[in-house]
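The structure appears right after this line, and notes come after that.
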Amino acid sequence: MMIYAALRLGIETAVMDPDPECPCAGLAGRFLTADLGDAEAIRRLAGEVDIVTYEIEHVNTDALREIAEAGTAVLPRPESLAVIQDKREQRAHLSGQGLPGPRWGEVDGPQDPGIDAFGFPSVQKLRRGGYDGRGVAVLRDATSERLDGPSLLEAKVDVEQELSVVCVRDRFGHTDAYPVARMEFDPEANICTRVCAPADVPESVAARARDVALRTVAALDLVGTAAVELFLTHAGEILVNEVAPRPHNSGHLTIDAADTSQFEQHLRAVCGLPLGSTRQHSPAVMVNLLAEPGAAGKPVMTGYARAMAVPGLSLHLYGKNRVKSRRKMGHATVIAEDLERARQLADQAAGALRIHGTHGAEESE
Ligand SMILES: Nc1ncnc2c1ncn2[C@@H]1O[C@H](COP(=O)(O)OP(=O)(O)OP(=O)(O)O)[C@@H](O)[C@H]1O
Ligand SMILES: [Mg+2]
């Protein structure tokens, strides 16, 4: 999605990814197959480009620091990424800057008596390597299954809604934000299924969410697009959950519903260009198109034409050539006169379009 924006703006791309058949391999100007931890490959990439950015947190920050010191612009800065990569460091940094969050502590591993001392219910998060809910466990009581590794521990928040504010910050510190979005999750898989924006919250809540989010990206000295995931509690508090220093699932709807997409904003910011408008021109609902539970093999779609008949729908398939159980294979955004209508239509599309695999999940139409 960022490459599409780059092509329009006349920005040439070179992309590094471990999978030679990944969706961007066929779109990037140049493509380098390499593990994201491969320092030598990162040095080679730096030799080919003026600016390096990344769309995943699990990158070799030492190598990024090294190329930055040697003169390549690396944005967001490796120092910001190093803090975000470690959930404990991120939480400590944000609370040190006075940003609101849940009560927290840290433990060495599952046997650490600190887990019981902290109290229940809590949420255990591996310090490193989590993604899409993996690396996060809710500990209801002392018998709940624990994760194996050094972890951040948080009090379980009484969440009314999960909100996200997609922010953009340029090289000179100017910040702006899109309207607050509401994220909905599959409670079992802990994966985001639907995003609605502007979130249906009182204006005073939206203003506070936006303020906290903008202070958060400034506190981390981020450059580019960044999403600040927030909890709105039943008591009406806004707490920071975590920060994604890149375009984010909650901002995909900006492609079809805002003046400037989150991907174009990221490019504008890291390239030192003026930021675009963050105005959202239509209420929008985005649904993630997840592969069926248990799906494997190559993707097989059913209900494609029925989904395409939904008015106001924009379909975005990522071109991933393998399905995995509940893998994000694409998304669909519906814009409409109001959020309720957009939601109905988006659900209609998501209900029609099913992504199975050539192995594993049974066909059902
Ligand atoms: N302190 C908390 N209290 C209540 N629920 C929480 C808490 N922390 C996390 N959660 C729930 O777990 C989900 C995943 O947590 P988090 O965002 O930290 O993990 P992640 O694996 O980095 O997720 P992703 O990559 O999907 O953003 C949150 O979206 C939220 O639903
Ligand atoms: Mg998260």
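The numbers here are math on the coordinates, done by the rules we state, and not lab data. Model, not experiment: these values are computed from the prediction. Positions of Cβ are backbone-derived with ideal geometry, glycine not excepted, and every protein chain shown enters the neighbour counts.
Residues whose amide H lies under 5 Å from that of Leu139, counting only those 5 or more places away or on a different chain, are Ser122, Val123, Gln124; hydrogens are built 1.01 Å from N in the peptide plane. Mean-square fluctuations from a GNM of the chain, with a 10 angstrom spring cutoff on Cα atoms, peak among Gln262, Gln90, Gln111 at Gln111.
For region 61-118, trypsin sites (Lys or Arg not before Pro) meeting the loop criterion (DSSP other than H, G, I, E, B) and having at most 16 other Cβ atoms within 10 Å: Arg103. In plain terms, if you count all Cα to Cα distances in the chain and split them into 10 Å steps from zero, the share in each step is 5, 22, 33, 28, 11, 1 percent. Bridge orientation summary for the chain: considering DSSP beta bridges with both residues in this region, about 90 percent are antiparallel.
Partner lysines whose Cα lies under 22 Å from the Cα of Lys324, excluding those fewer than 8 positions away in the same chain, are identified as Lys298. Within the listed set Pro274, Pro113, Pro283, the residue fluctuating most in the Gaussian network model of the chain (springs between alpha-carbon atoms under 10 angstrom) is Pro113. With both labels modelled 7 Å from their Cα along Cα-to-Cβ, the Glu337 to Leu315 distance reads 2.7 nm.
At an R0 of 22 angstrom, the distance between the Cβ atoms of His234 and Glu184 translates into a FRET efficiency of 0.85. Computed extension gain for Ala82 through Gln111, at 0.36 nm per residue and net of the alpha carbon distance, reaches 7.8 nm. Measuring between their Cα centroids, region 236-259 and region 322-358 lie 18 Å from each other. For region 279-332, the alpha carbon positions stretch 39, 24, 18 Å along the principal axes, listed from largest to smallest. A full extension of the chain between Asp62 and Arg322 corresponds to an added length of 90.5 nm, given 0.36 nm per residue minus the alpha carbon distance.
Per residue, the chain reaches -7500 deg cm²/dmol at 222 nm when only DSSP H runs of four or more residues are counted, each adding -39500 (n - 2.57). Rounded to the nearest whole Hz, the Karplus-based 3J(HN,Hα) values (6.51 cos²θ - 1.76 cosθ + 1.60, θ = phi - 60°) of region 2-19 follow the sequence 6, 5, 4, 5, 4, 4, 4, 8, x, 9, 7, 10, 10, 10, 10, 7, x, 9, with x at glycine and proline. Quick check: Cα centre of region 115-158 to Cα centre of region 201-216, how many Å? Region 115-158 and region 201-216 have Cα centres separated by 27 Å. Placing pseudo-labels 7 Å out from each Cα toward the beta carbon at Asp50 and Glu69 gives an inter-label distance of 2.6 nm. Springs join every pair of Cα atoms under 10 Å in this Gaussian network model of the chain, and among Asp116, Asp221, Asp170 the largest mean-square fluctuation is at Asp116. Available extension along the chain between Ser144 and Ala14 is 42.3 nm, counting 0.36 nm per residue and deducting the alpha carbon span.
Placing dummy labels 7 Å off each Cα toward the beta-carbon, the span from Glu89 to Arg128 is 0.9 nm.
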